[in-house]
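First up is the structure itself, then whatever we jot down about it.
The values are calculated or read from the model by the stated rules, or taken from the named source; none is laboratory data. Just so it is clear, the structure is predicted and the values come from calculations on it, not from any experiment. Here the Cβ positions follow ideal geometry from the backbone for every residue, glycine too, while neighbour counts run over all protein chains shown.
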Amino acid sequence: MRIQKAAFKLKLSEFTIYRSNVFLNFFFGCVPLLVYIFLWKAIYGNGLERIGGYSYKQMITYYVLIFLCSEVLDARDNTVKMSEMIQGGQIHNYLLKPVGFLSLNYRLYQAEKMIYLLNIGIPFLAFCLAIHKFIYWKAYNLLFFVISFCLAFVLKYMIGCILGLITTWVEEITGLLDLLNNVEKFLSGSLIPLTLLPSGLNMALSFFPFKYTLFVPVDIYMGNMKSQDMGISIGIQAVWCIVLGLVLIILKNEAFKKYSGYGS
């Protein structure tokens with residue numbers, strides 16, 4: 001708890017410096033949501049009541065939640081930072097600390113996201129109230145949504161760390177990150193709800209972890225999943241956390257065996 005408190009204070013000082021940048025990124029990120037409102041209004045205006053199991057309000061709320069969850073769960077900065085520390089040799093400063101590197105890094109990552117939520121909480125609520133007539137406010141499975149979201153948080157962190165540690169063997173991972181980002185947007189349901197895809201393709205995506213980082217938590221909030229399906233989805237998320245956790249530990253051990261750092 002003491003380490004988490006120290007990490008929170010450190011990240012708070014960083015966010016205080018870049019607060020204006022955080023707000024600008026948030027407000028510019030809201031612009032596409034306004035486009036979705038008019039786009040889907042035109043689509044539903046053709047007499048369609050539900051598309052892919054979503055009503056018009058649910059569809060707009062889907063993109064609002066995808067936007068918020070994507071911002072909170074985004075681990076690219078953490079991956080790039082880890083990659084730069086390995087390339088520049090600064091990571092050995094963390095290896096000398098009495099706390100495991102991944103444990104300390106996770107606490108810093110967690111504190112960063114908590115402070116981000118505190119910073120954009122009021123603006124986000126104000127935005128939702130401004131478009132309240134387009135928002136689906138019924139949260140049937142709020143507890144399961146929170147559980148699923150927390151598991152998605154861990155999944156995104158571990159995927160980011162795995163990519164960051166690859167820098168030990170690959171000099172530049174920017175291209176890999178860009179490729180994964182584009183693929184992940186489609187596979188996670190960030191571009192369109194996965195229920196709009198053919199059932200066979202949707203089933204195939206269930207064998208990848210990306211679906212469980214965005215689509216599953218949001219779909220649980222919408223109440224479109226039966227109790228049994230929710231239990232199965234959350235169980236699969238937990239299994240992926242265990243699998244990726246083992247991969248991360250093995251990769252970390254191998255990376256630190258290979259890593260050599262010189263200087264300060």
Review point. Does region 68-85 contain at least one residue that is at pLDDT 85 or above, in contact with a helix residue (DSSP H, G or I) (Cβ under 9 Å, 6 or more places away or on another chain), part of a loop (DSSP other than H, G, I, E, B) and under 26 Å from residue 244 (Cβ atoms)?
Key: yes
Exercise for review: May I ask you to verify whether residue 158 is buried (at least 16 other Cβ atoms within 10 Å of the Cβ) and under 30 Å from residue 37 (Cα atoms)?
Suggested key: no
Revision key, fill the gap. Screening 220, 159, 234 for residues that are touching a residue at least 40 places away in the same chain (Cβ under 8 Å) and over 30 Å from residue 40 (Cα atoms) leaves only 159
Review point. Any chance region 188-202 includes a residue that's within 15 Å of the chain's Cα centre (by Cα) and among the aliphatic types (A, V, I, L, M)?
Key: yes
Point to revise | Close pairs from region 82-105: first among the small types (Gly, Ala, Ser), partner modelled with pLDDT of 80 or more, Cβ under 6 Å, at least 6 apart | key: 83/164; 83/167; 83/173
Point to revise | Per-region count, region 103-118, residues aliphatic (A, V, I, L, M) and under 18 Å from residue 249 (Cα atoms) | key: 1
Revision key, fill the gap. If we keep only residues of region 54-74 that are over 24 Å from residue 114 (Cβ atoms) and of a type in the set (A, V, I, L, M, F, W, C), then the residue surrounded by the fewest Cβ atoms within 10 Å (Cβ to Cβ) is 60
Revision key, fill the gap. The helices (runs of 4 or more DSSP H) lying wholly within region 168-252 that contain at least 3 residues that are surrounded by fewer than 20 Cβ atoms within 10 Å (Cβ to Cβ) are 174-187, 199-205
Revision key, fill the gap. In the set 142, 117, 108, the lone residue that is in contact (Cβ under 8 Å) with a residue 12 or more places away in the chain, buried (at least 17 other Cβ atoms within 10 Å of the Cβ) and under 20 Å from the mean Cα position of the chain (by Cα) is 108
Review point. Is it the case that residue 124 is in a helix (DSSP H, G or I) and touching a Pro at 6+ places or on another chain (Cβ under 9 Å)?
Key: no
